[in-house]
Structure formats: structure tokens, C-alpha cells
Amino acid sequence: MRIVVPVKHVPDIHSDRSFTEEGRVARGAQDGTLNELDENAIETALRLVEAFGAVEREAHEVIVLTIGPADADGAIRKAYQLGADRGIRVTDDLLAGSDIFGTARAISGAIRKISAEGPIDLIITGMAALDGLGSVIPSLLAAELELPQLTLATKLTVENGVIEITRELDGVTEVLTATAPAVLSVTDHINTPRYPNFKLIMAARTKDIATWTLADIDVDPSEVGTAGARTKVTKSAPRPPRELAQLVNDKGEGGLALAEYLIKNDLV
């Protein structure tokens, strides 16, 4: 079984965020990290490979793929610490400014190149990237690659080439099936990602990461980056400062003060 897991190097969600003059998210190596929700996708892939590769591990592979500059290697190295076999970074100056459509086009081009080496059984993604929360990359990949999609899985089984997932929607539980190859996205409820072990942490520091350009993955530059973007940020502003808390010394009228505050601010 060969599985590709697209991952993203995202800004630390606890740091202050801003946009550049070009309307792009300001990113820096000092606060970048592997998208937390991608760890569930990596864990899912590793468990499948471990289950299918108990006898012949070398016949099975988990490949992590990312789009971005050299800083994005941090996401791949974290995936190596968890147990991924190979890492590929697609990097090209012409990718700067890509929106979700351009990103999906680049990822799809890289997946096609990987599939030329041998069949891919699954493409597994997290449910969203925490810097954008678009949650549409899995569907765009399925459309680009003309594959079935099974999204937001909370449970998963794979048997005889048939993938079955369970997903929880608003008041509804769905069970969906598809035959491999397919695009699958998983939620953070499907598993608990493992902790890296010391041996893999040390090996991840020097493990090779392949780097590909747009030419390598046969993607037209006009379809990605600023040139191919279908969406753009037109306006942004800093988050307003939080107002100071109002402290009330309760001398028997605290409930009245609370009720007046809720009414004044249209909270009831």
C-alpha cells in the first residue's frame, strides 16, 4: 500500500497574525509548524501501512508532500519523526500567492509524478489547515485527479480495495464506501497521533527531502501563484484591542449589574 499525505507548514496559531502588503499571510520560519490536523492524517496512513505491511514493510510506503519554501521542510521533518518514509517539497518562486485552487493544482501535479513511480492507493489529508480553515483541498484534489472522495472520516476500514468511512454530520451519521484509489480526509476524532520516538527524532534531522519545481511536476505557471489565483484578500485590519474587564464588587446587587450588562449589550 502506497499512501500520499499532503501536509502544510502553517504559522503558530498562538502567535499574532498579519497580512503583507500583497494581501498574503505573513509567514516566518520562527513560528512555523506542521498543521496540527495533518498529524491525524499521518497517523491514519501509518496505521494502515503497519496493518498491511506487517510482513513486507518495504512494499508499503507513506509519502508526505508539501508546497512551500525551504521553511516548509519543518513540516516534513515532523512527519519523519512520526514515522513517514519519504518527504517531498514542491518549491518554486512562481507558486507565491497561490490560492486554494492553485495549491490543489500543484499538489495534484506532484501526486501524478509520484504515481508514475507506481500505483497510489490513497491520498489522505487532514480536515483543514488551521491558518485558513478552507477545508476544500480534499474535494479539489479529487476533482483534479478524477478520483472518488470520502471526507471528514471519524472511522475507517480498508479491505480488499474497498474503503469504508463513517462520518458525523449535524444530527446524521453517514457510512460511505469507495474503491481505491481515492482521496480521503480525516477529522481529529479518528485517532490520537503518536508521540515521536527518540530514534526517529534523530534520524529526521538528516533524512533526505526531495525538492521539485513546477517544471518537474508539469504544472503551467499561469495556473498557480498570483497569476492563477481566483481569490484575493482585498482588505485587512488589525484585531481591535480587547476592552478592560469590568469588575463589580458584589454587595448584594451583583446579579442586577450582570443583568443590566447583558441587556445593554443585546446578549439576552
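Which of rounded, prolate, oblate describes the range 2-228, given a ≥ b ≥ c as roots of the alpha-carbon gyration tensor eigenvalues and a/c under 1.5 marking rounded, otherwise prolate only if a/b is larger than b/c? Note, shape of the range 2-228 comes out rounded. Taking a straight line from the alpha carbon of Lys199, these lysines sit under 23 Å away, with near neighbours fewer than eight places off in the same chain left out: Lys78, Lys207.
Within the chain, the longest segment free of exposed loop sites, counting trypsin sites (Lys or Arg not before Pro) that fall outside DSSP classes H, G, I, E and B and have at most 12 other Cβ atoms within 10 Å, spans 1-204.
In percent, rounded to a whole number, the relative contact order of the range 2-228 is 27, using alpha-carbon pairs under 8 Å and six or more apart. Between Leu244 and Ser139, the contour length at 0.36 nm per residue exceeds the alpha carbon distance by 33.5 nm.
Determine, from the Cβ-Cβ distance of Ser222 and Glu50 and an R0 of 41 Å, the FRET efficiency 1/(1 + (r/R0)^6), rounded to the nearest 0.05.
About 0.45, to the nearest 0.05.
The length gained by stretching the chain between Asn160 and Glu253 to full extension, at 0.36 nm per residue less their Cα-Cα distance, is 26.6 nm. Length available on full extension from Lys207 to Glu36: 0.36 nm per residue minus the Cα-Cα distance, which gives 59.4 nm. Taken over the range 110-268, the percentage of Cα pairs per 10 Å bin, counting from 0 up to the bin with the maximum distance, is 7, 20, 24, 21, 13, 9, 4, 0. Could you compute the net charge surrounding Lys155? Neighbours are other residues with a C-beta less than 14 Å from the C-beta of Lys155; K and R count +1, D and E count -1. Its environment carries a net charge of -4. For Thr33, the residues 5 or more places off, or on other chains, whose built amide H falls under 5 Å of its own are Val10, Asp12. Which shape class applies to the range 110-153: rounded if a/c is under 1.5, otherwise prolate when a/b exceeds b/c and oblate if not, where a ≥ b ≥ c are the square roots of the Cα gyration tensor eigenvalues? Note, shape of the range 110-153 comes out prolate.
Straight-line cross-link partners of Lys113 among the aspartates and glutamates, defined as a Cα under 13 Å from its Cα and at least 8 positions apart when in the same chain: Asp216, Asp218.
Here, each number is a calculation from the coordinates, and none is a lab measurement. Keep in mind the model is a prediction, meaning the values are calculated, not measured. So basically every Cβ, Gly included, is an ideal-geometry build from the backbone, and we count neighbours across all protein chains shown.
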